[in-house]
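Note sheet for the following structure.
Readers should treat all values here as calculations from the given coordinates under stated rules, not as data from a laboratory. Values in this document were obtained by computation on a predicted structure and should not be read as measured data. Note: ideal-geometry Cβ built from the backbone for every residue, glycine included; neighbour counts use all protein chains shown.
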């Protein structure tokens, strides 16, 4: 899969390059490019668009397209979850392991009425680590609940992207 750009008029969800050689180009995730007008500094439409595309050397079926698109949107969702959450101006890496650690720390702190606190987490980046100590259940909750909400929001956005695919555009 590659990400490419071109003129809006060149976008075709399915292009049969050669039926004889079984070459097909599948395109999806189309978005029009906006440019800044130098005089008004406002965003305006351009003649360009960006999209993802894959070249296949066989006629694709719907099951294969579903697998391709699902992986693409799942990867976008996973990457957004991993590196898109910012809490108190600190980037937070939400790997599955970190999510489990945050949940465990929160659940135990709630169950034990804060007896397991303080707890310290490393946020930020590898190059610029930031450490946060949570002394109370309330402090930990102010971090944990937004993190959970962020993950749920990312998952819901991913589901909507996958649900919006019109597979009828890819019939040969």
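Things worth noting here:
- Angle of helix 96-111 to the longest C-alpha principal axis of the chain, folded into 0 to 90 degrees and rounded to 10: 30°.
- You can think of it this way: the chain between residue 142 and residue 64 has 23.8 nm of extra reach, that is 0.36 nm per residue less the Cα-Cα gap.
- Taken along the Cα-to-beta-carbon direction at a fixed 7 Å, the label points for residue 172 and residue 155 span 3.7 nm.
- Packing-based exposure ordering (other Cβ within 10 Å, fewest first) of 122, 41: 41, 122
- Between the Cα long axis of helix 137-163 and the first principal axis of the chain there is an angle of about 10°, rounded to the nearest 10.
- Distance in nm between pseudo-label sites at residue 96 and residue 164 (7 Å out along the Cβ direction from Cα): 2.7
- Rounded if a/c under 1.5, otherwise prolate or oblate - the range 1-79, Cα gyration tensor axes: oblate
- Entry for Rg/Rh (Cα atoms, Kirkwood Rh) (calculated from the structure that is shown) out of (1) 1.14; (2) 1.58; (3) 1.02: (1)
- Counting only DSSP H runs of at least 4 residues, each contributing -39500 (n - 2.57), and dividing by the residue count of the chain, the helix-based mean residue ellipticity at 222 nm comes to -13000 deg cm²/dmol.
- Ascending count of other beta-carbon atoms within 10 Å, so fewest first, for 24, 57: 57, 24
- Against the main long axis of the alpha-carbon atoms of the chain, helix 62-83 sits at an angle near 40°.
- Length gained when the stretch residue 2-residue 135 is fully extended (0.36 nm per residue, less Cα-Cα span): 43.2 nm
- Spatial separation of Cα centroids for the range 12-44 and the range 87-133, in angstrom: 41
- Sites residue 115 and residue 79 - FRET efficiency at Förster radius 25 Å, r taken between beta-carbons, to 0.05: 0.10
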